[in-house]
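Student: Could you have a look at this structure, given as structure tokens, before my questions?
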Amino acid sequence: MAELPVGERKARAVEEMFDRIAPRYELVNRVMTLGLDAGWRRRAVRELQLEPGARVIDLGCGTGDLCRLLGRAGLRAVGVDMAAGMLAKAHTSAPLIRADALQLPVGDATVDGAISGFALRNVVDIAACFREAARVIRPGGRAVFLEVSEPPSPIVRRLHALYFRRIVPMVGGLLSDRRAYAYLPASTAYLPPPAQLLVTLTDAGFARCRRVQLGAGAAQLLIGTRR
């Protein structure tokens, strides 16, 4: 894409885009990740390491994939998303709230954990997202952010770039909205380098921050414990 939107323009563009692609969002996810995203989401839930009954807020919950997995793990999920179209297509019994992940309608230290799936690069301010998650999580609670990444191996990185930037938009165009699925690979440019992401997570109020690579480095988990 010639230009990626920023600030308020980005917020509007992202909300409108997810409203458009909501009807076939889950299908396209499975196809373009070859089904691997389901396993990545299960790993993200396990990394929360919370006891059954713990309350977890899902930031950018979309159609509720993570909310369903949280429920199966015995956790009490609350989903938050800005896109009304996504919430309308959600398949989950968890409570859903239409809200910005940077301004959560939740009190301080009122949840045990926070999780998100491929939402970081769609927020206007990643540092502010981390800080807001830290605000609502109790001390000792956990945060897990699942996001795309760039494989460390040069050979795998080239193959991944070819697939992610060429094939994904084509498949997305056939099944849903080509413009949206051209934006999603391009939006990785919003992500700082991994080391900087961990520093930002630490500065937001999390301890023992670490990064786990998944799918040969095509995805990553950013994990932290609330100080």
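The values are calculated or read from the model by the stated rules, or taken from the named source; none is laboratory data. Values in this document were obtained by computation on a predicted structure and should not be read as measured data. Note that each Cβ is placed from the backbone with ideal geometry, even for glycine, and that neighbours are counted across all protein chains shown. What goes into the accessible areas is simple: the full protein's heavy atoms, side chains included, and nothing from ligands, DNA or RNA. Shrake-Rupley method; radii C 1.70, N 1.55, O 1.52, S 1.80 Å.
Student: I'd like the full set of residues that are over 22 Å from Arg211 (Cβ atoms) and charged (D, E, K, R), limited to the range 1-50.
Tutor: Correct list: Glu3, Glu8, Arg9, Lys10, Arg12, Glu15, Glu16, Asp19, Arg20, Arg24, Glu26, Arg30.
Student: A follow-up question, please. Can you name every one of the helices (runs of 4 or more DSSP H) wholly within the range 97-177 that holds 1 or more residues which are modelled with pLDDT of 95 or more and open to solvent by less than 30 Å² (accessible area, probe 1.4 Å)?
Tutor: 126-136
Student: Still on this model: Take the residues of the range 82-96 that are aliphatic (A, V, I, L, M) and assigned to a helix (DSSP H, G or I): which is least open to solvent (accessible area, probe 1.4 Å)?
Tutor: Of everything passing the filter in the range 82-96, Met86 is least open to solvent (accessible area, probe 1.4 Å).
Student: Quick one: what pairs do we get from the range 95-112, first residue closer than 19 Å to Ala127 by Cα, second open to solvent by 50 Å² or more (accessible area, probe 1.4 Å) and of a type in the set (D, E, K, R), C-beta under 8 Å, 6+ apart or different chains?
Tutor: Hits for this filter: Leu102/Asp125; Leu104/Arg135; Asp108/Arg135; Ala109/Arg135; Ala109/Arg138.
Student: Also, quick follow-up: Kindly indicate whether Ser149 is in contact (Cβ under 8 Å) with a residue 12 or more places away in the chain and within 18 Å of the chain's Cα centre (by Cα).
Tutor: yes
Residue-by-condition table, conditions (1) surrounded by 20 or more Cβ atoms within 10 Å (Cβ to Cβ); (2) in contact with a strand residue (DSSP E or B) (Cβ under 8 Å, 6 or more places away or on another chain); (3) on the phi > 0 side of the Ramachandran plot; (4) outside any loop (DSSP other than H, G, I, E, B):
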{"site": "Arg24", "(1), (2), (3), (4)": "no, no, no, yes"}
{"site": "Leu27", "(1), (2), (3), (4)": "no, no, no, yes"}
{"site": "Val45", "(1), (2), (3), (4)": "yes, yes, no, yes"}
{"site": "Pro52", "(1), (2), (3), (4)": "no, no, no, no"}
{"site": "Cys67", "(1), (2), (3), (4)": "yes, yes, no, yes"}
{"site": "Ala77", "(1), (2), (3), (4)": "yes, yes, no, yes"}
